[in-house]
Amino acid sequence: MTSTHTPTDLELAAAAAVPSADELAGAWALQPHPNPASEAERAARLERLGFGVDFTDHMAHATWTVGDGWHNKVIEPYGPLSLDPAGAVLHYGQEVFEGLKAYRHTDGSVWTFRPTYNAARLNHSNRRLAIPELPHDDFVASIVGLVRADAQWVPDAPGSSLYLRPFIFASEAFLGVRASTSYEYLVIASPSGPYFQHGFQPINVWVEETYHRAGPGGMGDVKTGGNYAASLLPKVAAHGGGYDEVLFLDAATNTNLDELGGMNVFIVMADGSLKTPRLTGNILPGGTRASIIQLLREQGRSVSEETISLRWLLDAISAGDVAEMFACGTAAVVTAIGALTGEGFHVDIPENTVTRGIYDELTAIQLGEAEDRFGWLYRLA
């Protein structure tokens with residue numbers, strides 16, 4: 001069955017063209033680091049790739065104020081920030097963030113994957129949290145400037161990348177409950193290996209039925225720290241029980257699949273079709289999720305976005321109607337789910353053939369090893 005991909009509003013916003021990296025280079029003024037890491041120090045950090053542990057020499061930084069908008073756009077030395085104890089973000093959590101990667105291709109060039117999707121989603125988050133929007137050109141230019149300043153930090157080991165973390169936070173010093181009048185935008189970069197240290201090995205997932213990451217009318221479909229903070233207590237408990245991740249249910253009924261703490265989820269049916277929870281306003285519209293849906297539908301595979309109940313899922317697994325499950329997101333890309341456990345149930349899902357194929361095809365596009373027939377790649381350096 002062939003399904004036509006209908007772009008979401010977010011994908012349509014992300015389709016806006018931005019200038020090439022060469023055209024954007026220099027838009028953010030470079031302030032060279034006075035004491036960058038030595039070649040030996042950098043080599044040692046690139047040898048011990050973790051995830052989000054080590055950081056490059058520079059960071060992008062801009063400020064927004066009522067009178068001047070976004071200004072002081074610089075690539076400056078990485079280092080601590082100065083923030084007043086009354087800084088609004090510390091008290092009311094007005095902040096948003098994104099995550100994307102820079103990949104080194106075999107010819108030495110450096111590319112990223114769908115940066116305008118991240119730019120559009122950042123502004124989607126900004127609107128929900130009453131934060132000023134950042135023009136797409138500024139978003140991409142900040143990444144171009146940072147990656148070009150720290151190009152030597154982009155690793156080339158299998159499964160590695162330079163993880164990029166753009167974020168915005170309210171910086172005005174005040175204690176009144178209102179939107180801030182000043183904000184800081186930054187991008188920091190971390191040379192990283194696989195998100196899960198055991199690689200592609202299927203993860204063991206705990207299904208959480210007590211706590212929720214977000215509720216109807218809340219902020220579940222934006223990238224803001226509060227959603228992730230809400231997931232930490234059940235994740236700590238799950239990790240203590242030997243589980244790798246937590247699958248949350250919807251807050252309205254506590255019966256339907258929502259998403260994992262930081263990833264979207266897919267179900268592969270025995271007939272080869274796929275299902276994923278529909279975007280309800282509670283679920284983050286992941287860029288990897290959107291790419292997988294478009295990729296598979298272009299291949300003629302059926303992918304449905306629908307309400308999926310936990311009860312239906314467990315019954316379908318027991319009946320053999322579900323062949324595989326996987327989670328996806330920028331950090332992990334695609335990760336097979338090998339088992340689901342919750343109060344009173346445990347089911348194994350041993351197959352991951354389709355999941356592995358999706359992972360291989362998506363990462364091949366990202367690494368320049370397969371044709372980029374969707375125009376997803378953007379050359380940074």
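Observations on the model:
- Residues located in the range 88-128, provided they are more than 14 Å from Gly225 (Cβ to Cβ), over 24 Å from the mean Cα position of the chain (by Cα) and either surrounded by 17 or more Cβ atoms within 10 Å (Cβ to Cβ) or of a type in the set (Asp, Glu) (or both): Asp107
- Of all residues making up the range 1-27, the number that are in a loop (DSSP other than H, G, I, E, B), within 24 Å of Leu186 (Cβ to Cβ) and in contact with an Asp or Glu (Cβ under 8 Å, 6 or more places away or on another chain): 3
- Where a residue in the range 113-132 is farther than 20 Å from Tyr378 by Cα and without any contact (Cβ under 8 Å) to a residue 60 or more places away in the chain and its partner, wherever it lies, is assigned to a helix (DSSP H, G or I) and open to solvent by less than 20 Å² (accessible area, probe 1.4 Å), with Cβ under 8 Å and at least six apart: Ile131/Ser125
- Qualifying positions in the range 37-55 - out of contact with any helix residue (DSSP H, G or I) (no Cβ under 8 Å at 6 or more places or on another chain) and not in a helix (DSSP H, G or I): Ser38, Arg48, Leu49, Gly50, Phe51, Gly52, Val53, Phe55
- Scan of the range 151-190 for residues that are within 21 Å of Phe97 (Cα to Cα), of a type in the set (Asp, Glu) and in a loop (DSSP other than H, G, I, E, B), ordered by number: Glu172
- Gly67 open to solvent by less than 30 Å² (accessible area, probe 1.4 Å) and more than 18 Å from Phe139 (Cβ to Cβ): no
- Filtered residue count, the range 319-372, keeping only those that are open to solvent by 30 Å² or more (accessible area, probe 1.4 Å) and either among the charged types (D, E, K, R) or in contact with a Phe, Trp or Tyr (Cβ under 6 Å, 6 or more places away or on another chain) (or both): 11
The values are calculated or read from the model by the stated rules, or taken from the named source; none is laboratory data. Remember, predicted model here, so these are calculated numbers, not experimental data. FYI the Cβ positions are ideal-geometry reconstructions off the backbone, even for glycines, and counts take in every protein chain you see. To get the accessible areas, we keep the full protein, side chains included, count just its heavy atoms, and leave off ligands, DNA and RNA. Shrake-Rupley method; radii C 1.70, N 1.55, O 1.52, S 1.80 Å.
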